[in-house]
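The values are calculated or read from the model by the stated rules, or taken from the named source; none is laboratory data. Everything numeric in this text was worked out from a predicted model, so none of it was measured. Quick reminder, even Gly has a Cβ in these numbers, built from the backbone with ideal geometry, and neighbours come from all protein chains shown. Side chains included, ligands, DNA and RNA excluded: accessible areas come from the protein's heavy atoms. Shrake-Rupley method; radii C 1.70, N 1.55, O 1.52, S 1.80 Å.
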Amino acid sequence: QARDELEGEFLESLFTGTYSSEAAIRSRAERLNFDLSGDTVVLVARQDSAADGSSRVRRDQLLMGAQGWIRRRAPAGLATVRQGALAAVLRLPPGQEVPDVRRLAADRRLECAGALGGSEVSVGVGRAKGCIAGVRASYREGEQSLTMGGRLYGGGRVTNFADLGLHRLLFAMSGQPELREFFEDQV
């Protein structure tokens, strides 16, 4: 439990950029045996909404699903529950064959669904990024791909940010008055 809390605090700092310095965050990473020197990718999993619109997510269930998945499929990874979703950071091994992130995400979706009693789970995958700030960017992309995947394809799927093409730009512009005016003018 203490390790889960330390990992959660560490990942929260990475996702929000609220660390005091790169040296400090590297030191925290070393204490957790997590190497920040190479590329990382972030996967974000969330239980799809229940038919009645209620959320049945339990933090301990999500973490249990994540820990089993990390032990078996991604031992160089860390995970935490953030805003009702399970966020996992995977370190991609330098100079070695890059693991099939799509397959890892699909396995993670199934593992989390099992931990939640068979509920549908969707996963968003950010792009692989280098440097410490890349973790934050990949997390945002994972969140965006999770949201867009649900809107475009429905639940129970893995959506990779790199595969969203033009939808990435449209999502970034959502809420902008220019997009709404363009829509009204054209449609």
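Values as computed for the structure displayed
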{"read-out": "Identity of the residue in the stretch 1-25, surrounded by fewer than 16 Cβ atoms within 10 Å (Cβ to Cβ), in contact with a Leu (Cβ under 9 Å, 6 or more places away or on another chain) and not hydrophobic (A, V, I, L, M, F, W, C), that ends up farthest from Glu141 (Cα to Cα)", "value": "Arg3"}
{"read-out": "Matching option when the condition is under 25 Å from Ala29 (Cα atoms), part of a helix (DSSP H, G or I) and touching a residue at least 24 places away in the same chain (Cβ under 8 Å), among Arg136, Arg109, Arg140, Arg127", "value": "Arg136"}
{"read-out": "Flag if Ala51 is among the small types (Gly, Ala, Ser), surrounded by 11 or more Cβ atoms within 10 Å (Cβ to Cβ), at pLDDT below 90 and under 24 Å from Cys112 (Cβ atoms)", "value": "no"}
{"read-out": "Scope the stretch 145-166; condition part of a helix (DSSP H, G or I) and open to solvent by less than 20 Å² (accessible area, probe 1.4 Å); matching residues", "value": "Ser145, Leu146, Met148, Gly149, Phe161"}
{"read-out": "Evaluation of Ser119 against (1) modelled with pLDDT under 85; (2) part of a helix (DSSP H, G or I) (one fails), failing number", "value": "(2)"}
{"read-out": "Val81, sole failed condition from (1) of a type in the set (A, V, I, L, M, F, W, C); (2) open to solvent by less than 60 Å² (accessible area, probe 1.4 Å); (3) out of contact with any strand residue (DSSP E or B) (no Cβ under 7 Å at 6 or more places or on another chain); (4) without any contact (Cβ under 8 Å) to a residue 60 or more places away in the chain", "value": "(4)"}
